[in-house]
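K.L.:
Structure below; questions to follow.
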Amino acid sequence: MKTRRSEPAHPMHGGGWIDLLRLVRPETPPALRDRCLPGTASTAGTAPRRAAADAPGGRRGRRRRLLPLVASAALIALAAILVPARMPRVAAAAALLETAVGALQDVEAIVITQIIDDGTGQDPDRTFAGMFPAWRFISRAGLGSRFETGGVTEIYDARDRQIATFDADSGTVELSGIDATLMRPMMLARTRVHENLDVLRLRAGRDRRSVRDSTVIRDGRRIRVLSGTDEHGRPVLAEIDAQTGRVLRTESWFPVLPADEAGAPIVLLRAVTVCDYPDPGTLDPALFHAIPPAATTVIRLSPEDRAVRQCMTNMRTLAVLVHAFAQRNGDRLPDSLDALAPYAERPIAFYVSSEWPGSTTGLTVESRLDSHGEARLDTLDWTDAVLFACALPDGRIVRCYADSRVEVHSGLAADPP
């Protein structure tokens, strides 16, 4: 009986020679392997040749040494293509922030409006309603500036070189002379616009990758949107006109401490500032008169007295922050002023110094927190424990106590330390 001989399958199809390979063991004599696999040479002598190729001087050894060098060269070439494309954009963002800061000081007329909300565009929770009224800053070169908020208006009259604080409820104006060349930049620096630009500018200077840059088209204008975070990780954003370099809008977040609930969680609210640049001729010069028509009482202060008042206000704010810190840290006192930063609406540096043009010297708040050692706030005698102090040019001392009381002393040895 004849058996049918099957044709060998193609080696790539999993039959024939491939199947036969599985039957051929390594110990099979080379001659037998050559007969079983026609066209396949014996590999008995390949081991020495493979070892020679793998040697450092061999073909494969040279390839292994060259592979890391080739890979490094490829990465360098890729970086040379990508990095230059990224750097001009990053450098342009940093330069634009510098331009925007300068444009704020040089602009002839500007109106800045700020509102506070919870980030949804609506009014904040009623717990905080009225705590942060909207404010408006108006400035016109050669005439002056005014800062309006909650019924209190601060007016800088560039023509008479005076600054006035007008309380609409009482009709009282506190008036003092001032250096006209410094007041306008100083008032402008108090706005969050300047502060937010500075945060992004410093971020871009230290690590340009930390500032994100994008472009949008709005009302036919090309607007650069620069965003990043402040030192506490809170978002900061600025929108700048790409053509003029003028800032149009900024956003930042700040903490709020509920005053009626001890240990209540910190709430973050958003401050949105919008900048307009009107025709200077549309701003009424009467806006910048130091004594408004509605004023009924005028109190004249020296620049030093005004600086002292600002210093006392700063101390009270810092005392409130100390209490907020203690409430959330087991009545423990903070180790330094920097520990108060997460609870502050503005940077701590804003409260530490009182620089008023025309004053004899800047007043610096000195922290006395470290003098209490490991004492806790609830163990202090609040009427005697001094948290902060400030030396006045005339030798008097301003002290802030643990109960947030601020007093001015003559500075004599008999006074409390």
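K.L.:
For the pair Q243 and S336, what calculated FRET efficiency results from E = 1/(1 + (r/R0)^6), where r is the Cβ-Cβ distance and R0 = 35 Å, to the nearest 0.05?
P.N.:
Once the sixth-power term is evaluated, E becomes 0.20.
K.L.:
Please give, to one decimal in nm, the separation of the simple spin-label points placed at A391 and E374, each 7 Å out from Cα toward the Cβ.
P.N.:
Placing both labels 7 Å along Cα→Cβ, they lie 3.2 nm apart.
K.L.:
OK, next. R0 = 35 Å: FRET efficiency of H409 with D169, Cβ-based, nearest 0.05?
P.N.:
My answer for the efficiency is 0.70.
K.L.:
How much length is gained if the chain between T229 and R159 is pulled fully straight, taking 0.36 nm per residue apart and subtracting their Cα-Cα distance, in nm to one decimal?
P.N.:
21.2 nm
K.L.:
At 7 Å along Cα-to-Cβ for each site, give me the label-to-label distance between T149 and D207 in nm.
P.N.:
3.1 nm
K.L.:
Next up: How fast does region 304-409 diffuse by Stokes-Einstein, in µm²/s, taking the Kirkwood radius from C-alpha pairs at 20 °C and 1.002 mPa s?
P.N.:
154 µm²/s
K.L.:
Ranked by Cβ crowding within 10 angstrom, fewest neighbours first, how are L380, L202 ordered?
P.N.:
In order of increasing Cβ crowding within 10 Å: L202, L380.
K.L.:
Note down, for region 87-301, the three equivalent ellipsoid semi-axes (square root of 5 times each alpha carbon gyration tensor eigenvalue), biggest first, whole angstrom.
P.N.:
Rounded to whole Å, the semi-axes are 31, 24, 15.
K.L.:
Label M186 and A95 with points 7 Å out from Cα along Cα→Cβ: what is the distance between them in nm?
P.N.:
It works out to 3.5 nm between the two label points.
Bear in mind that the values in this text are calculations on the coordinates, not laboratory data. Just so you know, these numbers come straight off a predicted model, no measurement behind them. Positions of Cβ are backbone-derived with ideal geometry, glycine not excepted, and every protein chain shown enters the neighbour counts.
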